[in-house]
Amino acid sequence: MTERAASTLMRAARLHVVLGTLGRLLLVLAALSVPPALAAWSQASHELALRLAVTASVLVLVGWPVSRLRPLNTGENDIQWNEALAVTGLAFLIAALVMVWPLTGAGLSGIDAMLEATSGITTTGLTVLRGLDQTDPAMLFLRAWMQWYGGLGIAVLTVALIMRHHASARRLLETTGEQLTDAGARGHARRVFAVYLALTLIGIAAVWMTGLAPVDALLYALPAVATGGFAPSDQSLAGLPAATIATLSLITVASAISLPLYARLPHRGLRSLRHEPELIALLGAILVTALLLSAIASLSIGLPWPQALAQGFALGVSAQTDTGFSTTEVADLPATSQVVLMISMSIGGCTGSTAGGIKLIRLLIIMRLVQLALRRTAIAERAVLQAQVGGARIEPSMVTATLQLMAFWAMVLLASWLAFLAFGQPPLASLFEVVSATANAGLSVGLTSPELPPALKLVLCADMLFGRVEVLALLVVLYPPTWLARKRNP
């Protein structure tokens, strides 16, 4: 066999493995289209129900035969790292695309539907819909539902429900930021799914107990658990009872904590939380952000301190957890407050949570490296210092990955911001909108609207996808030569 023929055969073998995995993801997407279809049918929204049913049917017709593809070679039955990145990136892209047609049933244009779908699947919360208080409840449920399953992640759901092969499942989870131990990938995914489901049920019940109607409690709780921010009202949280706002804030904080941590609590106990640096950093970041926003509101706007604290903590929690709920118009806030919100949104929540941003662990790594550099100036030249976070050693690969992600983030933000400026958009408002999209936060200063130029809507879609799947995975999707045939390690 010639070298060219061997290369072709190897590519075909790898393609079977990748397509088989992608087919399973399509089947999960088909199943996820059923609940909103049933909800639409029960609300007599027959057109939306039909569109969702057709979408689910097409996904099954395509996904089932593709999922049945088997490796041409028994030694080629697991996906490689680059292939897992491609599958994860494609899963979110396809999940957004298949929801475009159903969403156009609400009168949205194709591009507006794409932005709405991408915002839902990536749990961002930016929206072009107006008049939500009069919108079809079935459409509101579809938006909340997209954010709910987007918050957990399509890859995690697929591994938890239908994938069995250990190596492939493990690589899929690792591309989503999951930190796996020696436990099986499917067991890990199922524990995370169980925690997510428990948080959801508790969240719905808690919001309902604050006095909201059952449907409203559902429509607010699903995005809150996903730290998504799609609210069934143009005013977001404004006008809701204080108890409801506080409850939703607590739900978003709970979801911004690493979900696997909850699964470990029965074995380790509550005392183990003292040794979780990301959890401590999350609570500290929320407190600092909230106090800064409160101080600015009191000193610059003249709000009374009780009102300033209420507004500051609601916005601080929303920004740090990258949820996107708001009790006030962000566009009316002072520039200083908007800058504080941008920093908070960019940092985000804990690894393994539903929150977006670059994640707190990466900030802790950078801070510890800076601290280490300062200490080196005051010790013996040959002294050995080890950088640690939470008792765990910071490996060189972790530093490389952190710097790589931050560099990618900077490039995406700069390119997107320049695109907005080229269209004549206000500088600070443009930067805020781009940061919010890339961090999957959803807070908006009003630029995201039906009037925004179509090209900029597509820029925001790209930003949201870059932020959700982390830049490298989407770059792999956009550069097909990296999808297959990476040389295996011996």
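The values are calculated or read from the model by the stated rules, or taken from the named source; none is laboratory data. For clarity, every value in this text was computed on a predicted model and none was experimentally measured. Note: ideal-geometry Cβ built from the backbone for every residue, glycine included; neighbour counts use all protein chains shown. SASA here: full protein model, heavy atoms, side chains in, ligands and nucleic acids out. Shrake-Rupley method; radii C 1.70, N 1.55, O 1.52, S 1.80 Å.
Worth a mention:
- GLY203 meets the conditions (1) at pLDDT 75 or above; (2) surrounded by fewer than 21 Cβ atoms within 10 Å (Cβ to Cβ) in every case but one. The failed one is (2).
- In the range 92-113, the residues that are open to solvent by 30 Å² or more (accessible area, probe 1.4 Å) and hydrophobic (A, V, I, L, M, F, W, C): LEU93, ILE94, LEU97, VAL98, TRP101, ALA106, ILE111
- LEU458, sole failed condition from (1) surrounded by 21 or more Cβ atoms within 10 Å (Cβ to Cβ); (2) in a helix (DSSP H, G or I); (3) modelled with pLDDT of 70 or more: (1)
- Residues (of a type in the set (A, V, I, L, M, F, W, C) and closer than 17 Å to ALA392 by Cα) located in the range 258-289: LEU261, LEU273, LEU279, ILE280, ALA281
- Number of the exception - LEU142 against (1) at pLDDT below 95; (2) aliphatic (A, V, I, L, M); (3) within 20 Å of the chain's Cα centre (by Cα): (1)
- Members of the range 206-233 found to be buried (at least 24 other Cβ atoms within 10 Å of the Cβ) and at positive phi, listed by number: THR227, GLY229
- Any hit, the range 317-327, residues being in contact with a strand residue (DSSP E or B) (Cβ under 7 Å, 6 or more places away or on another chain) and in contact (Cβ under 8 Å) with a residue 60 or more places away in the chain: no
- From the options LEU273, LEU279, LEU265, LEU303, residue that is modelled with pLDDT under 95, part of a loop (DSSP other than H, G, I, E, B) and either open to solvent by less than 80 Å² (accessible area, probe 1.4 Å) or closer than 24 Å to GLN147 by Cβ (or both): LEU303
- Screening ALA407, ALA401, ALA383 for residues that are under 20 Å from the mean Cα position of the chain (by Cα), modelled with pLDDT under 85 and either open to solvent by less than 60 Å² (accessible area, probe 1.4 Å) or of a type outside the set (A, V, I, L, M, F, W, C) (or both) leaves exactly one candidate, ALA401.
- Candidate set: the range 328-362, residues that are at pLDDT 90 or above and open to solvent by 40 Å² or more (accessible area, probe 1.4 Å); chosen: the one farthest from THR127 (Cα to Cα): THR336
- Selection within the range 414-448: residues that are part of a loop (DSSP other than H, G, I, E, B) and among the polar types (S, T, N, Q). The member of this set that is farthest from ALA256 (Cα to Cα) is GLN425.
- Residue that is farthest from the chain's Cα centre (by Cα), among those in the range 428-447 that are within 17 Å of ASP322 (Cα to Cα) and of a type in the set (Ser, Thr, Tyr): SER444
- Against the numbered list (1) at pLDDT below 95; (2) within 13 Å of ARG468 (Cβ to Cβ), SER119 comes up short only at (1).
- Odd one out for THR244, checked against (1) farther than 15 Å from THR123 by Cβ; (2) in contact with a helix residue (DSSP H, G or I) (Cβ under 7 Å, 6 or more places away or on another chain); (3) open to solvent by 10 Å² or more (accessible area, probe 1.4 Å): (3)
- Residue that is out of contact with any helix residue (DSSP H, G or I) (no Cβ under 7 Å at 6 or more places or on another chain), of a type in the set (A, V, I, L, M, F, W, C) and buried (at least 16 other Cβ atoms within 10 Å of the Cβ), where the choices are ALA295, ALA314, ALA308, ALA373: ALA295
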